[in-house]
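Here's the structure we're looking at; comments come further down.
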């Protein structure tokens, strides 16, 4: 599911993994699960056959992690950055031994500082994984980015290996 930025500047997207899909919702609340649930409830149309159902609060909170994407402010011809952050759910922690990776597909209208980000490019602790995705936009307008993420979260009994987690976000490039 693609999340489009609003006119509020830097848009924060909270993504909750629901089965094989990642559902993103814009939010202003500080807590990712609470923000995703709140955004889901407030943005769901009363009835629409063409709109995919929003994830439920229960489904979002049973996942071992959340993904938050800050699309970032961008101006044509100037450097900008997006931030992709993974936070483990309660009882889980980031697996510091896992070779984390974020592979960003180079979009039209944007030059990436680096398309294949690895553990050396990340801020990684047991509490969070954060990738900064540097870019320079070539022209004003909406630019869609897509990435695949590899990471792992663990609890006392097991580790979840997440490979090729599909992420997508839009950057609104100003003049």
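What to note about this one:
- Centre separation in Å (Cα based) which lies between region 88-111 and region 120-175: 5 Å
- Residue list for region 146-175, given a label point 7 angstrom along the Cα-to-Cβ vector of residue 140 and an amide N cut-off under 11 Å: 173-175
- Put a dot 7 Å past the Cα of residue 75, heading toward its Cβ, do the same for residue 127, and the two dots end up 3.3 nm apart.
- Zone of residue 97's modelled label, taken as backbone nitrogen in region 150-171 under 17 Å from a point 7 Å along Cα→Cβ: 151-162
- Ordering of 79-89, 96-106 by burial proxy (mean other Cβ atoms within 10 Å per residue, highest first): 79-89, 96-106
- Percent RCO, i.e. relative contact order, over region 53-175, from Cα pairs under 8 Å lying at least 6 residues apart: 29 percent
- Segments 136-146, 66-76 sorted - mean Cβ within 10 Å per residue, highest first: 66-76, 136-146
Only the coordinates and a few stated rules stand behind these numbers; no lab work does. Here the structure is a predicted model, which means the values were calculated and not measured. Neighbour counts run over all protein chains shown; Cβ positions are idealised from the backbone, glycine included.
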